[in-house]
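In what follows, a structure is listed as structure tokens, so that the remarks can point back to it.
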Amino acid sequence: MGLVTEIVALPVAPFRGIAWVLDKVVRAAEQEYYDPGPVQEALADLERKRQEGHVDEEEFEQREQALLQRLEEIRIYRLSQAGPDGT
């Protein structure tokens, strides 16, 4: 039966390959989008700019709030992706 199944499924093989590649691309994009590292670096850079006087308090607070919201979004996403045992 394995040979018959392979012959019948042959016409859809390219689509399965495309779906596999698209799945890998989506996973890589999600991994990059939900990486907290760049957001944490942006927060540190923003703090440095504030201390050096390149950013005033109002702008600092606005940008800091946006970055903290982004970190919260990343945290929520990662928790939703974790298994029941937290891994």
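The values are calculated or read from the model by the stated rules, or taken from the named source; none is laboratory data. Since the structure is predicted, the reported quantities are computational estimates derived from the model, not experimental observations. A quick note on method: Cβ atoms are made from the backbone with ideal geometry, for glycine too, and the neighbour counts reach across all protein chains shown.
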Filtered residues of the stretch 56-82 (kept if over 17 Å from residue 39 (Cβ atoms) and more than 17 Å from the chain's Cα centre (by Cα)): 56, 57, 58, 59
Residue list for the stretch 50-87, filter: of a type in the set (D, E, K, R) and closer than 28 Å to residue 31 by Cα: 61, 63, 64, 70, 72, 73, 75, 78, 85
Candidate set: the stretch 53-87, residues that are at pLDDT 95 or above and small (Gly, Ala, Ser); chosen: the one surrounded by the most Cβ atoms within 10 Å (Cβ to Cβ): 66
The stretch 24-44, residues that are touching a residue at least 24 places away in the same chain (Cβ under 8 Å) and either of a type in the set (Ser, Thr, Tyr) or in contact with a helix residue (DSSP H, G or I) (Cβ under 7 Å, 6 or more places away or on another chain) (or both): 34, 36, 39, 42, 43
Hits in the stretch 1-12 (condition: loosely packed, with under 10 Cβ neighbours inside 10 Å, part of a helix (DSSP H, G or I) and not hydroxyl-bearing (Ser, Thr, Tyr)): 2, 3, 4, 7, 8, 10, 11
Residue selected from the stretch 13-52 under the condition within 20 Å of the chain's Cα centre (by Cα), of a type in the set (Val, Ile, Thr) and loosely packed, with under 12 Cβ neighbours inside 10 Å, by the criterion nearest to residue 69 (Cα to Cα): 26
Output for the stretch 25-77, where each listed residue is in a helix (DSSP H, G or I) and among the aromatic types (Phe, Trp, Tyr): 33, 60, 77
